[in-house]
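The structure appears below as structure tokens.
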Amino acid sequence: MVSQVFFFFLIFVCCYSPIHNPSFSTSMAKRGMEKRVKTTWKMVEEDRISELPDALILHIMSFLPTVDVVRTCLISKRWKLMWYSVPNLSFSDYTCLSSQALRKFYNYVDNFLEHRKRGMHFIPDSVISSLKFEMDYYRRSKVRRLDKWLAFAVENKVKKISLCLWEDYDDHDNELGFYCLPKTVVNARYLTTLELTRVELGSRYSFSFPSLKLLLLTFVQLEDFDVVDKLLLGSPSLEKFGLIFCNLLTDHQIQIHSSSLKFLNINHIGVVVERIEAINLESLELYSVSFDRINLSKCKAIRNLLLACDWETEESSSLEHLISNLPLLEDLTLSNEYGMSLKRVKISSQHLKRFYLFNYYDDCEMAVIIDSTPKLESFCYKGNFKFRISMVESSNLLNGTFIILKRQVNYDANWFINVMNFLLNLNCSWNTVSIHVGSVEALILPESLKRVCRSPLVDWKHFKVFTESKPKRESELKDTLRWISPSLKTLSIGKGATIENFSTYYSKW
């Protein structure tokens, strides 16, 4: 819907000169900028969109659903056949709420693909590069239809296929099932991107994707443990691989072997990953995976590492050993959102530049020691007050960002004591410190507490405070912050992003 509105807004703007828009003229007159011009009573419309080159129009149309692309043939004679040349096709049945509407949808896709096939004989640039099917109401009785559509994509050398099936029911017993890819798709020579959601992959096929660069499997059911092996073996050019909420029907462990893989994302899979051997792997992201069972000894090229794992231990030695043995590591993210039980971790890395730590549980204490990280530039912590950080070798170039998740309606003495202890535990020489809280009141210490506590609490030079709403009591907050650190040189207070928006700090995909 957004793309559709944007497109027709663009047509409106391009087709009508603003000088003929009454509201525009009125606004200009109020500003004293409108020039006096003599015009006839006949309104002259300027067709600006016709001046755009075909390549630009086709690029804009490639972001629209295909059903809207076809409708543009009614705009003018020039547009009558333009939809034959749009490279990206996208079909969705999300508005088909009845059986009759679904039948019309399937017939529409059949007719469209048939017309595009015919158009390739008389329109030279009628090339399809991307084909997307998003089906919320797929039924297994339509499997032949879907097989035929995917075969069309492979026959016409489509480079990107995206297949998303959210519901797959049998029309007779209403049981949930999975769509099985046909043989035509598993041997697509020209395919560079394949995204599959809620399908089933079996080891009975020998996969052949010589040009595939990106493979994303979401809610995919794996029939056997060697499916992943065969997929990677048949994809010698694969660079990005994602296993998201996938499930293995057997009890075996899987291993990942690839010499071409650069980006790997494993998230909430119902299998045990035993070993990852990817000598050229640059980015590894593991969510809800048992950390202690994964062997990463062959992955020495990793630059970005994200671990949101089931740690299963309070010992951090294996984690510390892993980090120190990644000689090229630059970005490190650790998260306890799936029940991390680590109490203390020591980070040592010669090339580490950015370190992110997320501690979501109120009762989980966390202590971090940063040692031998000469290139570390920024540190970001998101979590509760029970956190402590110290550096063996301090650096004045380090910028710290601290996002406090806890919220209260009324801020009492216990809250402010926690705030003061939290600040005292940030035992590093910072260049700039940024703190994100819900409101200004969360940091304004009461005068009674200041009288019984020592000052300064910290020795910071540059301090930034961000709140979710527009700050109101700025002068009081400034007084508190200067009491906390009298040596401040710069101080800024403003409205920042909401706390929830910081959940996307990571993921290089």
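The values are calculated or read from the model by the stated rules, or taken from the named source; none is laboratory data. All of these numbers come straight from a predicted model, not from anything done at the bench. No Cβ is skipped: glycine too gets one built from the backbone with ideal geometry, and neighbour counts run over all protein chains shown. Protein only, heavy atoms only, side chains kept; ligands, DNA and RNA dropped before computing areas. Shrake-Rupley method; radii C 1.70, N 1.55, O 1.52, S 1.80 Å.
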- Label points 7 Å out from Cα along the Cβ direction at Asn425 and Asn111: separation in nm? 6.6
- Item | Rel. contact order, % - alpha carbon contacts under 8 angstrom, at least six apart, segment 128-286 | 15
- With point charges of +1 on the Cβ of Lys and Arg and -1 on the Cβ of Asp and Glu, referenced to the Cα centre of segment 75-126, which listed residue (Pro87, Ile75, Gln100) lies farthest in the positive direction of the dipole? Ile75
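Given Lys353/Lys489; Lys117/Lys230; Lys117/Lys142; Lys461/Lys495, which pairs have Cα atoms separated by over 28 Å?
Lys117/Lys230
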- Query: Between Tyr190 and Asn325, what length in nm is gained on full extension when 0.36 nm per residue of separation is reduced by their alpha carbon distance?
  - Reply: 44.8 nm
- Task: Using the heavy atoms of the protein chains and a 1.4 angstrom probe, tell me the accessible area per residue for segment 145-249 in square angstrom.
- Result: 42
- Item | Percentage of interatomic Cα-Cα distances in segment 175-258 larger than 21 Å | 20
- segment 469-478 - phi-based ³J(HN,Hα) in whole Hz, Karplus 6.51/-1.76/1.60, Gly and Pro as x: 10, 5, x, 10, 9, 5, 4, 5, 5, 4
- What FRET efficiency, computed as 1/(1 + (r/R0)^6) with R0 = 60 Å and r the Cβ-Cβ distance, is obtained for Ser162 and Arg482, rounded to the nearest 0.05? 0.65
- Message: What FRET efficiency comes out for Lys300 versus Ser237 if R0 is 22 angstrom and r is the Cβ-Cβ distance? Round to the nearest 0.05.
- Response: 0.55
- Item | Under Karplus coefficients 6.51, -1.76 and 1.60, residue-wise ³J(HN,Hα) of segment 98-113 in Hz, glycine/proline x | 9, 4, 5, 5, 5, 4, 5, 4, 4, 5, 5, 4, 4, 5, 4, 4
- Note on the structure: Length-normalised contact order of segment 325-430, Cα under 8 Å, at least 6 apart, in percent, tallies to 23
- Message: How much length would be gained if the chain were fully extended between Leu491 and His59, taking 0.36 nm per residue of separation minus their Cα-Cα distance, in nm to one decimal?
- Response: 150.9 nm
- At 25 °C and 0.890 mPa s, grab the translational diffusion coefficient of segment 41-164 from Stokes-Einstein with a Kirkwood Rh over Cα pairs, rounded to a whole number in µm² per second. 155
- FRET efficiency for Ser141 and Ser203 from the Cβ-Cβ distance with R0 = 22 Å, rounded to 0.05, comes out at 0.25
- Message: Test of the criteria: in segment 421-466, which trypsin sites (Lys or Arg not before Pro) are in a DSSP loop and have at most 13 other Cβ atoms within 10 angstrom of their Cβ?
- Response: Arg454
- Stokes-Einstein D for segment 334-446, Kirkwood Rh over Cα pairs, 37 °C, 0.692 mPa s (µm²/s): 223
- Message: Need one value: the accessible area of Leu491 in square angstrom, 1.4 angstrom probe, rounded to the nearest 10.
- Response: 50
- Evaluated at 10 °C and 1.306 mPa s, the Stokes-Einstein D of segment 224-310 based on the Kirkwood radius over Cα pairs, in µm²/s, stands at 124
- Query: What spacing in nm lies between the two simple spin-label points modelled at Glu377 and Lys461, each 7 Å away from Cα in the Cβ direction?
  - Reply: 1.8
- Item | Distance in nm between pseudo-label sites at Ser98 and Arg344 (7 Å out along the Cβ direction from Cα) | 6.9
- Item | Under 12 Å from the His257 label point (7 Å along Cα→beta-carbon), backbone N, segment 182-224 | none
